[in-house]
Amino acid sequence: MVGAVPGEPEPACLQWPAGIHYAPREGTLSRAATPAAPDPGTEQHHEGRSRVVVEGVTPQVGLGRYAVKRTVGEEVVVEADVFTDGHDEISCDVRWRTAGTDRREPNHGPWHDVAMETLGNDRWQAPFTVTELGFYEYAIIAWVDRFKTWVHDLEKRVAADQDVGIDLLIGAELIDEAVAGADGPDADRLQEYADRLRGDAPMWERAQAALHEELTILMRRHGPKRFATTYPYLLPVWVDRERARHSAWYEMFPRSASPDPDRHGTLQDVIDRLPYVEALGFDVLYLPPIHPIGETARKGRDNYPVADVGDVGSPWAIGSHDGGHKSVHPELGTVEDVAKLAQACRDRGLEIALDVAFQCSPDHPYVREHPEWFLHRPDGTIQYAENPPKKYQDIYPFDFETEDWQALWEELKSIFTFWVDQGVRVFRVDNPHTKPFPFWEWCIAEIRRDHPDVIFLSEAFTRPKVMAQLAKLGFTQSYTYFAWRNDAWSLQQYFTELTRTDLVEYFRPNAWPNTPDILTEYLQYNGRPAFVQRLILAATLAANYGIYGPAFELQEHVAVRPGSEEYLHSEKYEVRHWPLDAEGSLRDLIARVNRIRRDHPALHADRRLHFHTIDNPAMLVYSKSTPDLSDVILCVVNTDPHNTQSGWTHLDLHDLGLDDGEPFQAHDLLTGARYPWQGSANFVQLSPDVPGHVFRMLPQHRTERDFPTYR
């Protein structure tokens, strides 16, 4: 710990912890480690007269090695264990500032101090609000507060009717020290108090002045912080725009967007489909790769090893004689059409998200121009992608251990910047866990330095620690295991982990019930109720969610073979024509659910997800609310897709902002029905056909105007 006094230079130990960052220097990439925090035993780190201990600081990730995440307008609520020896009173501040968009060359704003309040048992807390994109950083400064200690003792002496004449003179000297550090009206008022404490008025009057609230406030503001302890790490906060925290994604294949079943879809067809996507209530339109598709080793329908004449291949086999990652498949359109689509989305309050897959078909220009970027086998051929026993002869992965790795990194980064220049600000990144962590840390930091509004979704269905590491390195949102968490107990355990552990500080879950790669067994065999249930769960458990459509709203559920999660007639390998107006489509329900999400800020974040108890293990009860409890949503879901289930709830009324014994109304936003409830125990019954309630909870004294009605 080290001493720090406001207005003095920043202590040498108050710096970024050790970590690896990659920064371009003189045209190359250089590995540069930020300085480590000094050894706690060194004289620089510990001033012997700094008696306060600061530890257990939250939020933080790895002592500041990685940034915690917030969005514009959110609070950072800082807590710490702060204590000292003996019986002296202490004070502590959260000290924060803006730090630009580059941790290596931060653009520091001025320091701001926020007084921390005690929570009891030596735990302290204070919030600050982030209002700009980019980095913030904060630390904690704490000190033995001589004036507060003096006031505490003076109160006891006055209460005991003791002579406090000498004590008042000691207090006046403490105020003198504060006068030296103040100016203007505050300095004048402090001087008046010092004079009164030394004056000729009766002792009780002078004591009353010493205990005045105004003096306490002035001394908290200007009193010296002698031998202060400063937490030895600057803790970073990365601030995204709101869509990073709350978004609804709709995935579609542009080549299947044509209204003519005999014609390949185009980006113009996607523009024509925007009213449909907008009506569904989504705000991010995600397109799988739109680049030229290779012909060599092209896969046939349903991933057949050999393509027939006319087979269109997989969009993830990127690159042909028509170009690579910075080109558009000719049958889809042009680069200019992407910019046109991005603008058309913005005009409707939507955003386009592009898939970035760092891999190549054998026909990609990179293979010809930079063969050194790929791994060569002993026979001289390039190693194609494999996940034994699966073989992907149509895809060449990059060799990130190539001698020419710097040039490879720069080129891959330029793919992002190319599409950013076309108006794209959201990217879904394919399989980032198969590329090196240092690359992602560098690449994301580079993009954000100039474009802090860019959002990166990590499509990594892999081991938990790998998924978490990608989020730490900078990915804005992350795919989850939601698709395979189907029973009430598993869902509660998983989302408790996501929202009640350290993951909540940096891992933003994005829940998808299906993707072009994932048709779960649950959706294959449990009919329409399974799709309805999974929609309600994904859209209300997670502030970010998405569906792969139109397969989802049309309840596509047939697998290519038993035991597989691949679709029969997979859109990954062929053009599909979807009957969007088909009877039985979930489009109206999806639109209603998304409207509820949009209209209710309780569903715009994950931090206040709270699970309640019900006496039926097939049912799940949970709530979300705004911090001020002005909007409270309670969801009850039947996770059994075949049977009607019922049970008695045991609600945490305090978390819902309700008083025990007070009647309240549960307004089902899905159906419009209203239920008069009272107390924590209330009966619910849900059939497979209507497997969920999404209740707006309001006390009885609130008026009907507080209830939005959805018809």
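In the chain, a dipole from Cβ-located charges (positive for Lys and Arg, negative for Asp and Glu) runs towards its positive end, and of Val72, Tyr506, His376 it is His376 whose Cα lies farthest in that direction. What lysines sit close enough to Lys472 to cross-link, taking a C-alpha to C-alpha distance under 17 Å and skipping anything fewer than 8 places away on the same chain? List returned: Lys69, Lys435. Applying a threshold of 27 Å to the alpha-carbon distances of Lys340/Lys390; Lys340/Lys413; Lys340/Lys391; Lys326/Lys572; Lys299/Lys340; Lys156/Lys225 flags Lys340/Lys390; Lys340/Lys391; Lys299/Lys340 as lying beyond it. With contacts taken as Cα pairs under 8 Å and at least 6 residues apart, the stretch 307-381 reaches a relative contact order of 38 percent.
Each of Val306, Gly199, Gln393 was placed along the dipole of the chain (beta-carbon charges, centred on the mean Cα), and the one lying farthest toward the positive end is Val306. A probe of 1.4 angstrom, applied to the heavy atoms of all protein chains, finds Trp484 with accessible area near 90 square angstrom. Extending 7 Å from the Cα toward the beta-carbon at both Asp628 and Leu169 defines two label points whose distance is 5.2 nm.
Here the stretch 202-252 and the stretch 590-640 have alpha carbon centers that stand 33 Å from each other.
Dipole orientation for the chain: of the candidates Val560, Thr98, Asn486, Val560 has the Cα lying most toward the positive pole (charges on Cβ; Lys, Arg +1; Asp, Glu -1).
Figure note: Thr266, Thr216 ranked by solvent-accessible area, largest first, 1.4 Å probe, ligands and nucleic acids not counted: Thr216, Thr266.
Counting only protein heavy atoms and a probe of 1.4 Å, the accessible surface of the stretch 253-293 is 51% carbon and sulfur. Counting only protein heavy atoms and a probe of 1.4 Å, the accessible surface of the stretch 639-700 is 47% carbon and sulfur. The mean sequence distance of close C-alpha pairs (under 8 Å, at least 6 residues apart), as a share of the length of the chain, puts its relative contact order at 10 percent.
A Cβ-based charge dipole, computed about the Cα centre of the stretch 113-164 with Lys and Arg at +1 and Asp and Glu at -1, lands at about 120 debye. Modelled spin-label separation between Asp517 and Asp322, with each label point placed 7 Å from Cα along the Cα-to-Cβ direction: 2.4 nm. Placing a pseudo-label 7 Å from each Cα along the Cα-to-Cβ vector at Glu105 and Met203 gives an inter-label distance of 6.6 nm. Computed on the stretch 581-711, with alpha-carbon pairs under 8 angstrom and 6+ residues apart, the relative contact order is 23 percent. Magnitude of the charge dipole for the chain, about its Cα centre and with charges confined to Cβ atoms of Lys, Arg (+1) and Asp, Glu (-1), is about 1140 debye. Shown are Ser687, Ser361, whose ranking by accessible area with a 1.4 Å probe and every protein chain present, most to least, is Ser687, Ser361.
The accessible area of Glu105, taken with all protein chains in place and a 1.4 Å probe, comes to roughly 140 Å². On full extension, the segment bounded by Gln685 and Leu375 gains 105.7 nm, given 0.36 nm per residue less the C-alpha separation.
For the chain, the spread of Cα positions along the three principal axes, ordered from largest to smallest, is 105, 70, 42 Å.
Panel values: the stretch 233-294, Kirkwood radius from alpha carbon pairs, Stokes-Einstein at 20 °C and 1.002 mPa s, translational diffusion coefficient 152 µm²/s. Can you give the FRET efficiency to the nearest 0.05 for Arg463 and His87, using r as the Cβ-Cβ distance and R₀ = 51 Å? Efficiency for this residue pair is about 0.55. Heavy-atom accessible area, probed at 1.4 angstrom with all protein chains present, ranks Asp272, Asp186 as Asp272, Asp186, highest first. Looking at the stretch 491-534, the accessible area is 32 square angstrom per residue; that uses a 1.4 Å probe and ignores ligands, DNA and RNA. Is the shape of the stretch 552-711 rounded, prolate or oblate, going by the alpha carbon gyration tensor and its root eigenvalues a ≥ b ≥ c, with a/c under 1.5 for rounded and a/b larger than b/c for prolate? Note, shape of the stretch 552-711 comes out prolate. For the stretch 136-218, the dipole from Cβ point charges (+1 on Lys and Arg, -1 on Asp and Glu) about the Cα centre works out to 220 debye, to the nearest 20.
Looking at the chain, send over the antiparallel percent of its DSSP beta bridges, to the nearest 5. Among the beta bridges of the chain, antiparallel pairing accounts for roughly 70 percent. In this structure the stretch 318-453 gives 42 Å² per residue of accessible area when probed at 1.4 Å with all protein chains present. Residue separation of His112 and Thr417 scaled by 0.36 nm, minus their Cα-Cα distance, works out to 106.4 nm of gained length. Between Glu132 and Glu403, the FRET efficiency estimated from the beta carbon spacing at R0 = 51 angstrom works out to 0.80. For Leu375, the accessible surface of its heavy atoms amounts to roughly 100 Å² (probe 1.4 Å, protein chains only, rounded to the nearest 10). Applying 1/(1 + (r/R0)^6) with R0 = 25 Å to the Cβ-Cβ distance of Glu155 and Arg49 gives a FRET efficiency near 0.40.
Extension gain, Asp599 to Ala673: 0.36 nm times the residue separation minus the Cα-Cα distance gives 24.9 nm. Overall, the anisotropy analysis places the stretch 547-643 in the prolate class: the square-rooted eigenvalues a ≥ b ≥ c of its C-alpha gyration tensor yield a/c not less than 1.5, with a/b exceeding b/c. Surface composition of the stretch 325-425: carbon and sulfur atoms hold 50% of the protein heavy-atom accessible area at a 1.4 Å probe.
The values are calculated or read from the model by the stated rules, or taken from the named source; none is laboratory data. Here the structure is a predicted model, which means the values were calculated and not measured. We place every Cβ from the backbone using ideal geometry, glycine too, and count neighbours over all the protein chains shown. What goes into the accessible areas is simple: the full protein's heavy atoms, side chains included, and nothing from ligands, DNA or RNA. Shrake-Rupley method; radii C 1.70, N 1.55, O 1.52, S 1.80 Å.
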